[in-house]
Structures are given as structure tokens and as C-alpha cells.
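Asker: Quick one: the structure is below, questions incoming.
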Amino acid sequence: MDLASVLGAVFGALMLAFAVTSVQGATPGAYWDNAALIIVVGGSMTAALICFPARQAFRITRAFRRVIFNHAPDFRGTAEKIVSLSETARRDGMLALEYRSMEITDPFMLRAVQMAVDGVKPTVLEDTLRTEMEVTSAHRRSDRNLFDQVGRFAPAFGMIGTLIGLIAMLNNLATPEKIGPGMAVALITTLYGAVVANVFCLPFAEKLNCLSKEELMEKEIIVRGILAIQAGDNPRVIEQRLKSFFPEEREGKKAKPGDPRPVYAEQPAKNILFSPAQKKAAASAGPAPSQSGILRKGDSPAKAAVPPPKTMQTVGAASGKSVGSRAAAIDRLLASRKAAQNASPLHAPHQSVAAPNATVKK
């Protein structure tokens with residue numbers, strides 16, 4: 001039973017009863033009129049029979065039971081069931097889900113699992129399940145429209161009852177004792193029409209709309225989950241994907257000012273791959289030395305003492321090989337290039353720059 005629907009209807013009736021009994025000079029019997037009730041309720045139901053087919057109009061009792069007696073869908077339980085099925089499928093294969101189908105109580109989920117076990121193509125599976133969702137949505141929409149239309153007709157028939165009462169009152173102007181009953185019918189029918197529409201029919205229509213949205217959301221979770229299982233996705237990925245249907249799970253716990261920050265937030269991204277011992281050694285060694293030996297802004301004075309990179313001659317001397325002939329050839333090449341640049345008018349105003357990899361002799 002839906003406690004909210006029952007409490008709303010009961011509180012609405014009690015509120016009207018309190019308002020009726022609180023009016024001075026009027027008795028509760030003064031607010032009851034059989035003719036006004038027949039005009040409003042009977043006229044609204046007659047208009048609904050004209051608007052809808054008989055098979056749909058007579059479903060109003062079933063829709064009313066659904067408003068009062070309904071079970072809230074368990075979205076979290078459905079998502080956990082999907083994750084459990086995905087773990088079974090990943091560990092034992094899709095055929096293992098056939099043995100777990102006896103645990104499933106939802107007919108829609110059971111059909112989806114059976115189609116996945118039978119090897120139905122994902123496109124066909126999705127199309128079949130979504131077609132069933134569309135048909136279910138159409139049925140729920142027709143039930144909602146039924147209450148919605150009755151809620152629209154009730155105030156109109158209240159106005160019709162008002163006109164009937166006024167006509168009866170005007171026809172009895174010669175007899176003052178009949179003016180009062182006619183005026184009462186004229187006003188009570190308007191009251192009945194407003195109460196039927198705004199206390200019962202329109203709220204019931206909105207409740208059916210809310211229930212339909214929740215039902216479709218649960219079916220959408222099932223469709224997304226079964227398709228992910230059929231695609232072979234990781235159960236943890238499926239779990240995170242299904243959590244997107246729950247905003248409180250997606251946002252997580254909000255951080256408080258006193259909560260400790262995560263460890264990875266304190267470390268630069270480039271140090272993630274280093275071990276703790278390497279991080280400690282790098283921190284004790286200080287910043288990386290300058291490769292050019294030039295003191296830059298913000299560097300410590302010790303960085304200026306770093307020797308420049310090794311040249312070709314120093315490398316050759318360290319390796320024990322003679323590179324004198326090669327160095328002499330490079331010097332002759334640089335001298336000829338410098339002479340050509342000085343002789344050219346295009347390069348006259350510019351200063352010649354030595355090659356970055358060449359060794360400049362003192």
C-alpha cells in the first residue's frame with residue numbers, strides 16, 4: 001500500500017470536514033446534495049466513457065488500485081542484482097546465468113537474461129526490450145489520461161450544475177421558500193466539481209505519472225545492465241555505470257574542511273611512477289642542476305658551478321681515442337663558413353654564431 005496516497009486522501013477529507021464544521025450557522029448536512037453529486041460524478045464519468053473506448057474506460061478501477069496499492073521500485077537492489085549477474089557471467093560464462101534465472105522475480109529482467117543466454121544479438125535484444133518499455137509506457141499513459149480527463153470534466157459539470165440551480169431559483173422567484181434550495185444546488189455543484197478535480201482526479205493522474213517514470217527507470221537500468229553483461233564489460237565498470245542513475249552515489253560523500261586530502265593529490269603527476277625510496281632521494285638531492293652552467297632566476301648559487309656538457313674532445317680524451325684530425329677538420333669548416341658569411345652582404349650586419357655542437361678553442 002502506498003502510504004503517501006492514503007495519507008493524502010485522508011488528510012484532504014479531514015481538512016474539508018474541519019472546514020465544513022468550522023463555519024458558523026451551517027450544519028454538515030447543508031453541504032450534502034444528491035442532485036449535485038449526481039451531476040458532477042455522473043456527468044464526469046459519462047464524458048469519460050464518450051472520450052475513451054470501453055476497454056480503456058473500465059480500467060479506471062485498476063488504475064485506482066495501482067495508486068493506492070503499489071510497491072516502490074528498488075533501484076539499488078536491481079543494480080546490485082545486475083552486478084552480481086555480471087560477476088557470474090564473467091567468471092563462469094553466459095550460460096551460467098541460466099541457473100541463476102530462478103532467483104530473478106522481475107519478469108522483465110527474467111526475459112532479458114533468457115534472451116542474453118540464448119545468444120540473441122545485442123541490437124535485437126535492445127530493440128525487443130525497448131519495444132516492451134514503449135508499450136508499457138503507452139498503457140500507463142492511457143490510465144493517467146483517464147484520471148486527467150475526469151479531473152478536467154468535473155469543474156465543467158460543476159458549472160453546469162450551477163446553471164441548473166440558478167435556472168431553478170429564477171423559476172421560483174414567486175415562492176421565496178424555494179429560492180434557497182435552488183441557490184444551494186447552484187453553489188454545491190461548483191464545490192463538488194472543484195473537490196473531485198483537485199483532491200482526487202488530478203493528484204491521482206500525477207501519481208500515476210510518477211509511478212510510470214519510476215517503472216521505466218527501473219527497466220532502463222535492466223536494459224543497460226544486460227547489454228553491458230552481454231558485451232563482456234567488467235563488473236566494476238557496470239557498477240559505476242549503473243550508479244549514474246543514483247545522484248547520491250555518483251556525487252559521493254562531500255569533503256569537509258577537516259577531512260584529510262588523498263595521497264595522490266599531494267604528489268605531482270610525474271612522480272607517480274617512482275618508488276618511495278626514489279622520491280626520498282630526489283627530495284634530498286634538491287632541484288635538478290642546470291645543464292648549461294648559467295645561473296637562472298630562482299636557482300641556487302650552487303647550480304652555477306655545474307660544469308658544462310662534455311665536448312667532443314673531452315669525450316675522446318675520456319675514451320682514450322685520438323680525435324685531433326676530426327677536430328681540425330671541423331675547425332677548418334667553421335673558419336670557411338665564417339669567412340663566407342662575412343663576405344656576403346646579406347650577413348654583414350649580423351654576428352656569426354658558432355655551431356652549438358662544436359668545440360670553441362681558446
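Laboratory data are not the source of any read-out in this text; all were calculated from the coordinates shown. As the structure is a computational prediction, the values presented were derived from the model and not from experiment. Cβ: placed from backbone, ideal geometry, glycine included. Neighbour counts: every protein chain shown.
Asker: Given the Cα-Cα distance of THR128 and THR27 and 0.36 nm per residue of separation, how much length would full extension add, in nm?
Answerer: The span from THR128 to THR27 would gain 30.3 nm if fully extended.
Asker: Subtracting the Cα-Cα distance from 0.36 nm times the residue separation, let me have the gained length for SER142 to ILE50 in nm, one decimal.
Answerer: Full-extension gain reported as 31.7 nm.
Asker: Distance in nm between label sites at SER101 and PHE69, each 7 Å beyond Cα in the beta-carbon direction?
Answerer: Modelled inter-label distance: 3.0 nm.
Asker: Could I ask something else about it? For VAL41 and LEU14 in the same chain, what is the full-extension length gain: residue separation times 0.36 nm, less their Cα-Cα distance, in nm? It would help to have the intermediate numbers written out before the result.
Answerer: Values: separation 27, 0.36 × 27 = 9.72 nm, distance 2.03 nm.
Contour length minus Cα-Cα distance gives 7.7 nm.
Asker: Taking 30 Å as R0, compute the FRET efficiency from the Cβ-Cβ separation of GLU220 and THR61 and round it to 0.05.
Answerer: 0.55
Asker: If R₀ is 56 angstrom, what is the calculated FRET efficiency for the pair GLU87 and ASN198, using the beta carbon separation as r and rounding to 0.05? If you can, show how the numbers build up before the last one.
Answerer: Working: r = 50 Å, r/R0 = 0.89.
For R0 = 56 Å, the calculated efficiency reads 0.65.
Asker: Of LYS121/LYS213; LYS81/LYS243; LYS121/LYS243; LYS81/LYS207, which sit over 22 Å apart, Cα to Cα?
Answerer: LYS121/LYS213; LYS121/LYS243; LYS81/LYS207
Asker: Report the label-to-label distance for ILE330 and LYS121 in nanometres (one decimal), using points 7 Å from each Cα along the Cα→Cβ vector.
Answerer: With each label placed 7 Å out from Cα toward Cβ, I get 6.7 nm.
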